[in-house]
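Below: the structure, in structure tokens.
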Amino acid sequence: QMANMQTAFAGQTAMAQGFTGVNSGIADLRYTVATENCADRAALSEGIRDVIANQTAGVQRILDKLCDQELQAERRDNANLRQQLAMADLRASQTAQTADLRQSGATQLNQLVNELRSCPIPSYSVYGNQPVFTCAGPTTGNGCGCGCGGNGTF
């Protein structure tokens, strides 16, 4: 019986050692699976992060391009408005200068007309050194106001 007991004990010991090896293998397998799961999750997280970063960068490039286009359009509009303002200022300046010239010309014309109305105008052409008309001076009361000063002839 002792031999049977020793054989049984040896079998149990062998079986226990076998189970320990199996349990150790299972523990190693669990550790390997857990490590691989962690690595898979990390790789998946990095991939998702890269996709999100790429999407964000793409959207930002599109927004930058749209912003640049709007800015260029605003700059063109601003340049056009500045040119229109400059042309309007030039037009207003030219209009004011023209009005001043017309007013000055009208004033000079009126002065000349008033001066010429007061002087006698001959009814026929006179050639040579002959007097066209005579004018009495302002001292006699007959001054014609033509600028001769009453010295006699024209």
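Among the candidates Arg91, Arg30, the residue that is at pLDDT 95 or above and open to solvent by 100 Å² or more (accessible area, probe 1.4 Å) is uniquely Arg91. Regarding Leu112, is this residue in a helix (DSSP H, G or I) and more than 38 Å from the chain's Cα centre (by Cα)? Against the criterion (in a helix (DSSP H, G or I) and more than 38 Å from the chain's Cα centre (by Cα)), Leu112 qualifies.
The values are calculated or read from the model by the stated rules, or taken from the named source; none is laboratory data. Keep in mind the model is a prediction, meaning the values are calculated, not measured. The protein model used for the area step is the full one, side chains on, heavy atoms only, and it has no ligands, DNA or RNA in it. Shrake-Rupley method; radii C 1.70, N 1.55, O 1.52, S 1.80 Å.
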